[in-house]
Structure formats: structure tokens, C-alpha cells
Amino acid sequence: MDIAPTPAPVPLVHDIPFWDSVKQKDLKLQRCADCGQFRYPAGPICAECNSEQATWERVSGKGTILSWVVFHKTYLPAYPAPHTVIAVRLDEGPIMISNLEGPEPEGSWIDERVSLRYSTMPDGVVLPRFELDRAAS
Amino acid sequence: MARTPRATAIIGIGQTDWSGDWRRVRNGEKPADSVGYAAQAFQDALRDSGIPKSDIDGLIVGPTTAYERMGEVLGLNVRWGGQADAVQAILQAQMAIESGYAKVIALVYGNDQRSAGTQYGGPSAMGGQSFLSYVYHSPWGMTSQGALYALTLRRYQHERGLSEADMGQVAVAQRAWATMNDAAIQRKPITVDDYLQSRYVCEPLHVFDYCLVNDGGVALIIADAEYAERMRPDPVYILGTGRSDLNTGATSLEPRLTDYYLPAQQQAGTASYEMAGIGPDDMDVMLAYDSFSVHVPLALEGYGYCDVGGVAQFLTEKGIGPGGALPVNTHGGHLSESYMQGWNHQLEAVRQLRGEAGSRQIPGAQTVHYTSDVAGKCMSVIYGR
Ligand SMILES: [Zn+2]
């Protein structure tokens with residue numbers, strides 16, 4: 001049986017360390033070495049202070065759901081409908097678009113606390129995803 | 001140098017037969033390619049203007065056709081030209097004319113998106129790489145422009161209290177206008193119940209919240225005011241323009257999810273109001289770019305037609321459909337008339353101001369406001385007689 005491939009990341013050169021950290025299940029984001037601002041997607045300079053110096057730092061993996069949608073139409077073979085997507089505000093600042101795994105909230109998903117997990121797609125690709133943070137509720 | 005109201009005016013408008021194009025394409029025909037649709041619309045606009053083609057010294061083509069090929073097909077060797085989307089083309093024409101680079105500019109747009117099977121979502125989403133937010137999150141299955149607006153709407157509904165039935169009023173109003181427009185592709189009236197019972201594409205967006213995808217063309221001729229007044233008795237003037245963008249956090253959707261583009265809309269709106277010397281209370285017709293219905297409530301708040309957070313009440317108590325306090329997208333917009341990527345709205349502005357809008361005409365319309373909010377670029381254009 002054919003396995004639908006997970007859509008590949010768009011090839012951004014500054015993102016390579018991000019995807020490497022995902023593969024190692026040890027998510028790291030780029031952080032400005034001067035003002036401390038986290039950057040996602042990664043980039044060549046700091047939009048806040050213009051610094052060209054950056055480090056890669058492990059994030060807490062904690063965040064809050066900003067919004068969510070349910071696809072009722074299949075656009076990508078790896079994601080047959082119905083398929084949900086969430087926007088998470090990481091505690092470090094950036095917004096990540098991802099998916100919620102495990103139990104779903106009743107009613108509105110907005111403001112639910114979530115924590116990072118890693119899931120392996122049928123084709124072997126590892127993705128950072130989230131699950132409800134039951135410890136927080 | 002300050003921008004001058006009434007320095008430029010539209011003197012010609014043209015289009016293809018959108019509903020006919022729609023029927024032919026559904027029957028499996030391929031009546032034209034994008035250049036062909038644009039050329040047909042140009043011929044129509046040139047006839048409407050009554051000017052000789054040799055007076056045209058500027059050409060702006062839509063992003064869906066190649067500039068050089070378009071100029072070759074139309075036989076236009078101009079001293080100023082370029083490629084731009086609808087609202088940027090208007091602003092560029094205004095700038096070029098005001099600064100003396102051209103006197104009479106043809107703006108032409110053609111699109112065979114339906115017959116060519118253009119994808120606005122999925123692995124080959126059109127133009128996605130140039131708007132990183134359209135493709136960046138595809139590993140998680142986030143694709144399609146509609147899904148971005150669905151994500152925005154869900155949070156907006158939560159924060160500002162816009163119910164699904166409130167939201168349905170946008171599509172219902174625009175369809176009601178379209179029933180009075182022979183050029184509109186979808187003319188069957190719908191109710192809020194029809195809306196609520198219709199299928200979701202990307203929840204919370206229903207199928208009626210999505211623009212049509214169809215083939216067709218649009219053209220405009222914009223000239224400096226002195227020439228415009230010499231050539232025809234009813235030029236439609238550009239009274240005011242404004243632009244402001246939000247780019248910080250664009251890929252991860254920050255301006256859409258937390259600001260709903262509001263600060264940029266307010267700045268663009270204010271700039272255009274100051275230039276025109278009028279404000280939202282003075283507008284006879286409001287036309288909002290509406291690839292998805294979500295644009296409309298955001299624009300009504302952002303451009304000052306109602307209080308921030310007050311759009312649900314505005315839609316219900318004032319109304320944007322026929323008989324409502326503020327006529328919005330009187331041609332049916334992208335949801336019901338035709339998805340000409342903002343170009344068809346400019347034609348409706350001209351028709352309303354010339355008094356040529358048939359049974360949907362707003363009596364004595366003197367001012368029309370066009371707003372566009374795409375990928376963080378907020379723009380405001382005020383037209384008047
Ligand atoms: Zn910095």
C-alpha cells in the first residue's frame with residue numbers, strides 16, 4: 001500500500017537547524033544573542049534589534065491555543081478530511097501552526113494550555129505537535 | 001509632495017462576459033487564455049472610453065499575465081508600465097500620472113484560473129512561495145488561503161462575539177445584490193438558514209464564504225484629470241488613497257490572529273480620508289476585497305464604519321444588503337459576481353458613480369470606497385464624481 005508522503009518543509013536555509021532539532025525530538029528555536037527575542041521562522045537578522053548574532057535554544061514546549069480550524073476538504077493526501085490545525089502561542093513568544101493530538105477540548109479550543117509532543121508520520125517524518133496540558137487545568 | 005485629490009480619473013471600463021465564460025468553461029470549452037481574456041476586456045474598455053489607442057502611454061497588467069506579451073498583443077509601446085494586482089495598479093497609475101511618467105494608462109487583467117485548474121490550496125498552491133505563510137505550515141497540513149482566513153475568523157469570533165449566523169449575513173447580502181446584476185455568475189438568493197446548513201470547506205468557513213473561481217478579464221483606463229475632462233463628461237475621480245502594511249510575524253500569522261490587520265487598516269483609511277477630505281459617514285457605497293467573506297467585517301471595523309467589536313450589531317441593525325444603511329459589494333463581490341481578484345470592484349465603483357448600475361443603482365451615488373486587505377497590505381481608495 002502506498003503511504004502518502006508528509007508535505008516537505010519549504011526549503012529555507014535558516015530553518016535547517018530547526019528541522020534537525022525536530023528530527024532529534026529536541027525542539028530548538030533561533031534566539032537573538034543580543035536582545036533575547038525568539039525567532040520563528042528563523043532568519044538572517046533580528047527584526048527587533050538588527051543583530052546578526054543568534055543561538056539555538058531548547059524551548060519549554062508549553063503554549064496556549066490561539067485558534068483552530070477543521071478542514072472538511074482534502075487538499076493533501078497525507079491529511080485526509082476531516083483534519084484539524086491549531087495555532088499555538090508558545091510561552092517563549094512565537095506562534096506555531098501545528099496539530100492537536102489526543103483528547104480534544106469540549107467547545108472552544110481557544111486559551112487551552114498545550115504541551116509539545118513528537119509524532120512520527122506513516123512515512124517516518126517526525127513532526128512537533130501538541131497535546132492538551134492536563135497538568136495545567 | 002502631497003497627493004492631489006481629483007488629479008486622476010477613470011475614463012474607460014471593460015470586461016468579458018463572466019457568466020458566459022463560466023458556462024463555457026463548465027461545458028469543457030477553453031474560450032481564451034489569460035492574455036486573451038485581458039485583450040477582450042481591453043477592447044471593451046477602449047470602446048467605452050472613446051479615446052484613440054494611440055493616446056495610451058502607460059500599461060499595467062495584472063499578476064496573471066506577462067507584461068511584455070500583453071503589451072505586444074495590445075500593440076502598446078508605452079513610456080511607463082509594470083505589473084501589479086488590482087489595488088496596487090490603481091495606486092501605481094495614480095503615482096505615475098501625478099509624477100508625469102504617463103498621461104493615459106491602460107490597466108488590464110485576464111485570468112484563466114478555472115479552466116487552467118489553478119490550485120489555491122494543496123501541494124502546488126498558486127504563488128505560495130512569494131507569500132511564505134501560504135506554504136510554510138504545509139508539513140502540518142495547513143494549506144489554502146481559505147484556511148488562513150478560517151483561522152482568523154475563529155479567533156475573531158471568540159474575541160469579538162461574531163456568531164455564525166451574524167457572519168452568514170455577509171454572503172446573504174452579497175447574493176441579494178447579485179440577483180440584480182446580470183453579469184453575476186451566482187444569482188440565486190440565499191438565506192442565513194441556507195448559509196448555516198451549507199457545507200464547511202475549512203470550518204468555521206462555509207462554502208458560501210469562498211470566492212468563485214472563474215475565468216475572465218477586466219480593463220480600466222485611467223488618465224490625468226485634464227485629459228479625462230476633455231474626453232468625456234463623466235470621469236470618475238480618485239479622491240483619496242492610502243496604504244499601510246503589517247509584516248512583523250507575517251509567516252506565523254501574528255497580524256491576522258492578533259491584530260486582524262486593524263492598525264494598518266486604520267492608517268490606510270485615515271490617509272485616504274485626509275486626502276479626500278471625507279470620511280466613512282460620507283460614503284454612498286463601500287466595496288471590500290472579498291476573496292473570503294471574512295474580509296468584510298474586518299474592513300467595516302478597520303476603516304471606521306462601526307466600532308471595533310461592533311460589527312455583528314452593525315450587520316444586524318444597519319445592514320449591508322439591499323435596503324441596508326450601508327450598501328456593501330453591490331455587484332455581489334467575489335462571492336457571487338466573479339472572482340476577478342479585486343479588479344471587478346473597480347468597475348462597480350465606476351458604474352455606481354456613473355449611474356449605470358441598473359436595478360442595484362444607489363440613487364445619486366457620489367462617493368465609493370474600495371478597501372483591500374491581502375497578506376497584510378491594507379489599501380484604501382476613494383472614488384467620486
Ligand atoms: Zn535582537
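Scanning region B:361-373 turns up at least one residue that is part of a loop (DSSP other than H, G, I, E, B), in contact with a Leu (Cβ under 8 Å, 6 or more places away or on another chain) and surrounded by fewer than 23 Cβ atoms within 10 Å (Cβ to Cβ).
Set side by side, the residues B:Ala102, B:Ala89 differ, and just one is open to solvent by less than 10 Å² (accessible area, probe 1.4 Å), over 30 Å from A:Val125 (Cα atoms) and part of a helix (DSSP H, G or I), which is B:Ala89.
For the subset of region A:33-80 comprising residues that are away from the ligand (no atom under 12 Å from the Cβ) and charged (D, E, K, R), which member is nearest to the chain's Cα centre (by Cα)? Restricting to residues being away from the ligand (no atom under 12 Å from the Cβ) and charged (D, E, K, R), the top hit is A:Lys62. Of all residues in region B:150-172, those satisfying the criterion of being touching a helix residue (DSSP H, G or I) at 6+ places or on another chain (Cβ under 8 Å), open to solvent by 10 Å² or more (accessible area, probe 1.4 Å) and either outside any helix (DSSP H, G or I) or touching a residue at least 40 places away in the same chain (Cβ under 8 Å) (or both) are B:Arg155, B:Gln157, B:Arg160, B:Gly161, B:Ser163, B:Glu164, B:Asp166, B:Gln169, B:Val172.
Against the conditions (1) of a type outside the set (Phe, Trp, Tyr); (2) surrounded by 12 or more Cβ atoms within 10 Å (Cβ to Cβ); (3) within 16 Å of the ligand (Cβ to nearest atom), A:Asp20 satisfies every one except (3). Of the set (1) over 11 Å from the mean Cα position of the chain (by Cα); (2) closer than 30 Å to B:Ala45 by Cα, all apply to B:His295 but (1). Strands (runs of 3 or more DSSP E) fully within region A:24-137 that include at least 2 residues being open to solvent by 10 Å² or more (accessible area, probe 1.4 Å), touching a residue at least 12 places away in the same chain (Cβ under 8 Å) and farther than 21 Å from B:Leu253 by Cβ: A:54-58, A:113-120, A:126-132.
The values are calculated or read from the model by the stated rules, or taken from the named source; none is laboratory data. All figures in this text were calculated on a predicted structure; none of them were measured in a lab. Reconstructed Cβ throughout: ideal geometry from the backbone, glycine too, with neighbour counts over all protein chains shown. With ligands, DNA and RNA removed, areas are computed over all heavy atoms of the protein, side chains included. Shrake-Rupley method; radii C 1.70, N 1.55, O 1.52, S 1.80 Å.
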